[in-house]
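The values are calculated or read from the model by the stated rules, or taken from the named source; none is laboratory data. Quantities reported herein were computed from a predicted structural model and do not represent experimental measurements. For neighbour counting, all protein chains shown are included, and Cβ atoms are generated from backbone atoms with ideal geometry for every residue, glycine included. Heavy atoms of the whole protein, side chains included, go into the accessibility calculation; ligands, DNA and RNA do not. Shrake-Rupley method; radii C 1.70, N 1.55, O 1.52, S 1.80 Å.
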Amino acid sequence: MNPVTTTTAAAPSALNASRTTATAARVLRQLRHDPRTIALLILIPCLMLILLRYVFDASPRTFDNIGASLLGIFPLITMFLVTSIATLRERTSGTLERLLAMPLGKADLIAGYALAFGALAIVQSALATGLAVWLLGLDVTGSPWLLLLVALLDALLGTALGLFVSAFAASEFQAVQFMPAVIFPQLLLCGLFTPRSDMHPVLRGISDVLPMSYAVDGMNEVLHHTDMTAIFVRDILIVAGCALLVLGLGAATLRRRTA
C-alpha cells in the first residue's frame, strides 16, 4: 500500500494588492467596533496640543517652537501604542495564525496592517495639523502641508515600530513595556529639550541614528524656512526609509505560531 503523503501549501511570497487591501479592510472593520482605540488615535494628539497651547498661554513663541516638534511626536507615539497592542491581540487570540494558514503571505499581512493604520494616520495627522495651525495659532514660516507630510511620515513610522515590537511581546502589558525602550530614548535625544549639537558627543552620535531626531529636524525646517530645503528633503527621506526598513523587519520576524 502506498503511503499517504500530505503537503502544506507554501504561503505566497510576492506582495499581492488584493490580499493586502482585503487585510486592510478587515483591520478597519475591527477598529470600527473599538471606539476607545479610535478615540486614542484621533482625539488624544489633538487634546495634547490644546493642553500644550494653553500651558504656554503667556508665551506663544514657546508653543511655536515646541508645538511643531510635538506635532510629529504625538502621532508617532499613539500609532506605536495602538499598532503594537492591536497586532499582539491578533496573535494571542489565534487570528494571526489562522490568517497565515491561508494563502496570505507575511508581506501581505504587514502591508495590510500598515495600509489600515496608515489610513487612520492620515486622518489623525490632518486633524492635528489643522488644529495646531488654524485654530491654535501655530506660527510656521513654511507651508502647513509640509508639516502635515512630516506628521504623516512620523505616524507611519510609529505604525512600523509597533508592528515590529509586537513580535517580541507575549502580552499587551509587555507591548506597553516596549515604549520606554523604543520611544523614550528617542524622545530624550531628538532635540526637543535641547539642541542635539549641545549634547555629549556620545549621545549626539546615538541621536544621529534615531529616526525621531530627523522627524524633529524636519519640523524645525518647516518652522524656520519658507521653502523646502535640502535638509528637509534629507530628513523626510530618512524617516520614510526607516519606516520601510522596520516594516521589512516586521515581516521577517512575523511568526506563524502564537506560542
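What to note about this one:
- Here the condition is being closer than 21 Å to Leu81 by Cα, touching a residue at least 60 places away in the same chain (Cβ under 8 Å) and not basic (Lys, Arg); of Pro45, Pro35, it holds for Pro45 alone.
- With respect to the conditions (1) open to solvent by less than 80 Å² (accessible area, probe 1.4 Å); (2) touching a residue at least 60 places away in the same chain (Cβ under 8 Å), Asp217 falls short on a single one, namely (2).
- Residue within the stretch 155-168 that is touching a Phe, Trp or Tyr at 6+ places or on another chain (Cβ under 7 Å), under 23 Å from Arg53 (Cβ atoms) and surrounded by 19 or more Cβ atoms within 10 Å (Cβ to Cβ) present: yes
Conditions (1) touching a strand residue (DSSP E or B) at 6+ places or on another chain (Cβ under 7 Å); (2) modelled with pLDDT under 85; (3) open to solvent by 60 Å² or more (accessible area, probe 1.4 Å); (4) part of a helix (DSSP H, G or I), marked per residue:
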| site | (1), (2), (3), (4) |
| --- | --- |
| Asn2 | no, yes, yes, no |
| Thr5 | no, yes, yes, no |
| Ala10 | no, yes, yes, no |
| Ser13 | no, yes, yes, no |
| Thr37 | no, yes, no, yes |
| Ile42 | no, yes, no, yes |
| Phe80 | no, no, no, yes |
| Ala86 | no, yes, no, yes |
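- Subset of the stretch 154-180 [among the small types (Gly, Ala, Ser) and in a helix (DSSP H, G or I)]: Ala155, Gly158, Ala160, Gly162, Ser166, Ala167, Ala175
- Here Ala121 meets each of (1) under 15 Å from Leu76 (Cα atoms); (2) surrounded by fewer than 24 Cβ atoms within 10 Å (Cβ to Cβ); (3) small (Gly, Ala, Ser) with one exception, condition (2).
- Of all the residues in the stretch 199-213, those that are free of Cβ contacts under 8 Å to residues at least 60 places away in the same chain, open to solvent by less than 30 Å² (accessible area, probe 1.4 Å) and not in a loop (DSSP other than H, G, I, E, B) number 3.
- Annotation note: of Ala101, Ala111, the sole residue that is open to solvent by 10 Å² or more (accessible area, probe 1.4 Å), among the small types (Gly, Ala, Ser) and at pLDDT below 80 is Ala101.
- The set of residues in the stretch 51-63 being hydrophobic (A, V, I, L, M, F, W, C) and open to solvent by less than 60 Å² (accessible area, probe 1.4 Å) consists of Leu52, Phe56, Phe63.
- Comparison of Ser197, Ser207 shows that the only residue that is in contact with a Gly (Cβ under 8 Å, 6 or more places away or on another chain) and of a type in the set (Ser, Thr, Tyr) is Ser207.
- Scanning the stretch 164-182 for residues that are at pLDDT 85 or above and within 21 Å of Leu115 (Cα to Cα) gives Phe164, Val165.
- Test: Val222 is in contact (Cβ under 8 Å) with a residue 12 or more places away in the chain and open to solvent by less than 60 Å² (accessible area, probe 1.4 Å): yes
- Failed criterion for Phe232 (all others in (1) among the aromatic types (Phe, Trp, Tyr); (2) open to solvent by less than 20 Å² (accessible area, probe 1.4 Å); (3) without any contact (Cβ under 8 Å) to a residue 24 or more places away in the chain hold): (3)
- Any hit, the stretch 142-151, residues being closer than 15 Å to Met79 by Cα and surrounded by 17 or more Cβ atoms within 10 Å (Cβ to Cβ): yes
- Residue within the stretch 130-139 that is open to solvent by less than 50 Å² (accessible area, probe 1.4 Å), of a type in the set (A, V, I, L, M) and within 24 Å of Ala25 (Cα to Cα) present: no
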